[in-house]
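First the structure, in the form of structure tokens, and then the observations on it.
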Amino acid sequence: MRFTHVLSTALLAVGLAAAPAAADPSPSASPSGDGGAPTQAGTSFRTATGIEPGQRATANGSTGDYLYWSFAADAGVRPTVRATVKLPATHAAQTWQVDVYDGLRRRQACQYGAQTRTADAGSASVDLACTLRTVRAWSEPWADDPLPGTYYVRLTVVGLQPSDLGQPVGAEVRVDSKDVGGAAAVDGSLAEPLVPGIAVTSRQHQEGSSESAVLSAVEPDGGWSSGWWSDRWVWTALGGALAALAGVGGYALTRGSGRPSRVPPGA
Amino acid sequence: MITRQRLAAGVCALLAALAAGLALPAGAAADDTGDRPDPKVELVLDVSGSMRTRDIDGGTRMAAAKQAFDEVLDATPQEVQLGIRTLGANYRGNDRRTGCKDTAQLYPVGPLDRTGAKTAVATLAPTGWTPIGPALMKAATDLQGGGGTRRIVLISDGEDTCQPLDPCEVAREIAAKGIGLTIDTLGLVPDARTRDQLSCIADATGGTYTSVRHKEELTDRVGQLVHRAADPVVTPVATQGAAECTGAPALKSGLYTDREEFGQQRWYRVDVPPGKELRTSVSVAADRAVNPAYGVLLRAVTLHGREIVRGEAEGNGRTDVVSTGLRYPKPAADDDNAPAETVCLQVTHSFSAAAGVRTAPGLPLELTVDVVDAPSPAHDVAAFGLGRGWWLLGVLVLTGFVAGLLWGWLSRWRVAVWRTN
């Protein structure tokens, strides 16, 4: 007992001493800093920067850049992507657009929100939004319904005067997920979420090799849901209990209270 | 995410070192890149005569570039192998042919010696011509070898003065080699022609174009691009699709790249064992001026030519890429030794080149293939066939109540019958 105590103290001391050397294994790898929101955006599906729901990700770019972010959406949520672009002081009218793609790079429709908006000449910023359909646990292979997995956000200017090309702009993106709950709980589930490169990644995990580059590393808080729990269990169980009570009530109603009056005494 | 992984890797390395013998030499954890090949970046700087112009925050363009280089060199990540190439730095004469060969490697691509690189940059003086095309070709040669990401950052203030070699075509040829090289361009106070040329070069390789009018913009952008090169990225494997399914390359799970010319079709094959699901996505990039309407079609076809499922996407307007994908779950077979099904994948795109744009080489195509376990199919619309909502409760309560009443009446009637007998 005493030995383990001493050993753990020693380990702790060595660990503390070594910590400054190991605390930041690659000083330059993260311009964003630990735990903070990303301050860079990717430029393709492969290099998309992962963001978490509720995070306010920012990026500096040039007019004409295609900026990519990725986020994870699990079954039963309805993600909303909001983007704000800060435009340079002088510019002609520009049309900006935000597109959302799923893990198979299929374009996903927006239910509502201004996906495309034209900024008047000289305006300071433009706001875009896109609310996706509810993510479901399963769909037919022939459908392109949103499924749990990685989603990509692409922000770009789609209409501009050539003279505005390459001007510095600032972009801000935020993804919010609304929990739709059991109303969207469908039967069936995917064996793996729709994360690009997941077959390669899981194989590497099994073999124990560590490759730092992956196609997509975003994951929801607490991991992907297994898909069997929904509040439908509660509703159904509650319904059964109430039905049983109602049955007892209905039975009691036909019995009246006490002995039936027609039964002769002493029977 | 990447940050987290790196940090986690660092923590694991620390623990491993502690377990191995409680000995951790200083700085041992700094090298966590493992066997990942180092990213390579080459900065290509225009040192032509026009760089003497004083129009960036009151100083010359050259002074702004030098200051930007100094700051970027200080902040360059350790793992990045950085080189510097100049164009138009040495030849002062008027002979066009000599001037157009004037590109030199100022600092070789390799582990960075900050002082050495800075000293080399300090010696530069604006001199000659602007041979962008030849400089890009040489820069691509400088970056050869190694499997990491490669990036060229071209900083210029004028268009190429060495026609007819179009630097935009040079960039497209470099991209067509399939070595994953990106060219980012920065124009210093550019005019319309410079802007068009530099943005064309950037588009051809999937890079970005930035126009710079202030010193900080230049420093920030070059720094950003160098850091971007240090981010780990999955490098696609080059493959070449066939014109029909027979003889098409067999692909396994992974990321692939190919080129597809206008009007061409590409075929690939994937084996899908029973109980597995094929997931594949394709994106075709527009690396040159294309007409506004375009699309891509991805079909999964059996060996006999029957279409199983397709993914299609259309678009209109400015874009970098058009992409689509499909899923094909193959049901589990009763027989354990059932053979895998060969699925043919056909990719066609409907891009058309804008007037006067060369059609060769083809457009870059990126293909992801994942073969994972098949999903458990749905037997009902709702999860496990469970119910939900006030209507369900109402129906259940009513049914229970009616059942209770009936049961009560029935038992009363039975008691009455029993008594009368």
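Values quoted throughout were computed directly from the atomic coordinates according to the rules given, and no laboratory measurement underlies them. The model shown is predicted, which means the values in this text are computed figures rather than measured ones. With ideal geometry, Cβ positions are generated from the backbone for all residues, glycine too; neighbour counts draw on all protein chains shown.
Please name whichever of A:Phe71, A:Pro88, A:Gly36 sits farthest to the positive end of the charge dipole of the range A:34-224, dipole taken about the Cα centre and charges placed at Cβ: Lys and Arg +1, Asp and Glu -1.
A:Pro88
Can you give the average number of partner chain beta-carbon atoms within 10 Å of each beta-carbon in peptide B:388-399, as a whole number? Provide the component values of the computation, followed by the final result.
Values: counts 12, 5, 2, 0, 5, 8, 2, 2, 11, 10, 3, 4.
Across B:388-399, the average partner-chain Cβ count within 10 Å equals 5.
Using the alpha-carbon atoms, what tilt in degrees (0 to 90, nearest 10) does helix B:192-204 show relative to the longest principal axis of chain B?
50
By the gyration tensor of its Cα atoms, with a ≥ b ≥ c the square roots of the eigenvalues, what is the shape of the range B:237-373: rounded for a/c under 1.5, prolate for a/b over b/c, or oblate? Mind showing how you got there, number by number?
On the way: a/c = 2.52, a/b = 2.18, b/c = 1.16.
It is prolate, given that a/c is not under 1.5 and a/b is the larger ratio.
Defining a contact as two alpha carbons under 8 Å apart and six or more residues distant in sequence, what relative contact order in percent does the range B:27-230 show? Let's see the in-between values first.
Numbers: 432 pairs, mean separation 52.0, N = 204.
In percent, rounded to a whole number, it is 25.
Mind listing the long-range amide H neighbours of A:Gln108? Cut-off is under 5 Å, sequence gap 5 or more, other chains count too, H placed in the peptide plane at 1.01 Å from N.
Here the answer is A:Val100, A:Tyr101, A:Asp102, since their amide H atoms fall under 5 Å of that of A:Gln108.
Normalised by the residues of the range B:163-274, what does the relative contact order come to in percent, with Cα pairs under 8 Å and at least six apart?
Details: 134 pairs, mean separation 22.5, N = 112.
With pairs under 8 Å counted, the relative contact order is 20 percent.
Stick to Cα atoms and the Kirkwood definition of Rh, then tell me Rg/Rh for chain B. Write out the running numbers ahead of the final one.
Numbers: Rg = 31.4 Å, Rh = 26.1 Å.
When Rh is taken as the Kirkwood radius, the ratio is 1.21.
Label points 7 Å out from Cα along the Cβ direction at A:Leu245 and B:Asn94: separation in nm?
For A:Leu245 paired with B:Asn94, the spin-label model returns 10.2 nm.
For chain B, what relative contact order do you get, as a whole percent, if you take Cα pairs closer than 8 Å and at least 6 residues apart? Could the numbers behind the result be given before it?
On the way: 840 pairs, mean separation 54.0, N = 421.
That works out to 13 percent.
If a paramagnetic tag sat 7 Å from the Cα of B:His214 along the Cα-Cβ line, which residues of the range A:52-92 would have the backbone N under 11 Å from that point?
A:89
To the nearest 20 debye, what charge dipole does the range B:48-175 have about its Cα centre, counting +1 at the Cβ of each Lys and Arg and -1 at the Cβ of each Asp and Glu?
Details: 15 positive and 16 negative charges, 63 e Å.
Approximately 300 debye in magnitude.
If you take every residue apart from B:Tyr91 with its C-beta less than 12 Å away from the C-beta of B:Tyr91, what net charge results, scoring Lys and Arg +1 and Asp and Glu -1? Provide the component values of the computation, followed by the final result.
On the way: positive: B:Arg92, B:Arg96, B:Arg97, B:Lys101; negative: B:Asp95, B:Asp102.
Here the count lands on +2.
Just going by the charge dipole of the range A:160-206, with Lys and Arg at +1 and Asp and Glu at -1 on Cβ, which of A:Gly166, A:Val186, A:Ile198 is farthest out on the positive end?
So the residue we want is A:Ile198.
Using 12 Å as the cut-off for backbone N distance, which residues of the range A:182-204 belong to the label zone defined by a point 7 Å from the Cα of B:Leu392 along Cα→Cβ?
A:182-187
Distance in nm between label sites at B:Arg52 and B:Arg193, each 7 Å beyond Cα in the beta-carbon direction?
Rounded to a tenth, the inter-label distance reads 2.1 nm.
How far apart, in nm, are the 7 Å Cα→Cβ label points at B:Asp70 and A:Asp145?
Between B:Asp70 and A:Asp145, the label points sit 6.2 nm apart.
Only bridges whose two residues both fall in chain B count here: according to DSSP, what percent of them are antiparallel, nearest 5?
On the way: 57 of 85 bridges.
About 65 percent, rounded to the nearest 5.
Using the structure shown, select from A:Lys86/B:Lys66; B:Lys252/B:Lys276; B:Lys66/B:Lys215 the pairs with a Cα to Cα distance greater than 20 angstrom.
Values: A:Lys86/B:Lys66 29 Å; B:Lys252/B:Lys276 13 Å; B:Lys66/B:Lys215 10 Å.
Beyond 20 Å between Cα atoms: A:Lys86/B:Lys66.
Along the charge dipole of the range B:27-230, Cβ charges K/R +1 and D/E -1, which of B:Ser156, B:Gly180, B:Leu143 sits furthest on the positive end?
Of B:Ser156, B:Gly180, B:Leu143, it is B:Ser156.
Among DSSP beta bridges whose residues both lie in the protein assembly as shown, state the antiparallel percentage, nearest 5. Write down the numbers at each step before the final one.
Details: 106 of 137 bridges.
The answer is about 75 percent antiparallel.
What list of ³J(HN,Hα) values in whole Hz, one per residue of the range B:254-269 in order, does the Karplus curve 6.51 cos²θ - 1.76 cosθ + 1.60 (θ = phi - 60°) give from phi, with Gly and Pro shown as x?
x, 10, 10, 9, 7, 10, 10, 6, 5, x, 8, 10, 10, 10, 9, 10
Taking N as the number of residues in the protein assembly as shown, what value does Rg over Cα atoms divided by 2.2 N^0.38 Å take?
Compared with the compact-globule rule of thumb, the protein assembly as shown sits at 1.21.
Fewest to most neighbouring Cβ within 10 Å: what's the order for B:Asp74, A:Asp145?
Numbers: B:Asp74 10, A:Asp145 15.
Starting with the residue having the fewest Cβ neighbours, the order is B:Asp74, A:Asp145.
Given the C-alpha centroids of the range B:221-276 and the range A:98-163, what is the distance between them in whole angstrom?
The two parts, judged by their Cα centres, are 24 Å apart.
Computed FRET efficiency, Cβ-Cβ of A:Glu219 and B:Trp409, R0 45 Å: what is it to the nearest 0.05? Spell out each step's value before the answer.
Details: r = 59 Å, r/R0 = 1.30.
Efficiency computed from Cβ-Cβ geometry: 0.15.
Determine ³J(HN,Hα), in whole Hz, for all residues of the range A:182-188 in sequence, where each value follows from phi through the Karplus function 6.51 cos²θ - 1.76 cosθ + 1.60 and θ = phi - 60°; x replaces Gly and Pro.
Using θ = phi - 60°, the values come out as x, 4, 9, 6, 9, 7, x Hz.
Residue by residue through A:225-233, how many Cβ atoms from other chains fall within 10 Å of the Cβ on average? If you can, show how the numbers build up before the last one.
Values: counts 0, 0, 3, 2, 1, 5, 3, 9, 4.
Across the residues of A:225-233, the mean count of other-chain Cβ atoms within 10 Å is 3.
Quick query: amide H of A:Gly159 versus all other amide H atoms, modeled in the peptide plane; which residues come in under 5 Å with a sequence gap of 5 or more or a different chain?
Amide H neighbours of A:Gly159: A:Thr95.
Residue by residue, what Karplus-based ³J(HN,Hα) values in Hz, rounded to whole numbers, does the range B:131-146 have, using 6.51, -1.76 and 1.60 with θ = phi - 60° and x for Gly and Pro?
Going residue by residue, I get x, 5, x, x, 5, 5, 4, 5, 4, 4, 5, 4, 8, 5, x, x Hz, with x marking Gly and Pro.
Grab the DSSP H runs of the protein assembly as shown that are 4 residues or longer, score each as -39,500 (n - 2.57), total them, divide by all residues and round the 222 nm result to the nearest 500 deg cm²/dmol.
Details: 12 runs with 185 residues, N = 688.
Helix contribution divided over all residues of the protein assembly as shown: -9000 deg cm²/dmol.
Please state the shape class of the range B:39-138: rounded when a/c is under 1.5, otherwise prolate if a/b exceeds b/c and oblate if not, all from the C-alpha gyration tensor. Present the calculation step by step, with values, prior to reporting the outcome.
Values: a/c = 2.34, a/b = 1.32, b/c = 1.77.
Here the range B:39-138 falls in the oblate category.
Quote the FRET efficiency, to the nearest 0.05, computed for A:Ala191 versus B:Thr246 with a Förster distance R0 of 30 Å and r equal to the Cβ-Cβ distance.
Details: r = 31 Å, r/R0 = 1.04.
Result of the calculation: an efficiency of 0.45.
Computed FRET efficiency, Cβ-Cβ of B:Gln163 and B:Glu307, R0 51 Å: what is it to the nearest 0.05?
On the way: r = 48 Å, r/R0 = 0.95.
After rounding to 0.05, the efficiency reads 0.60.
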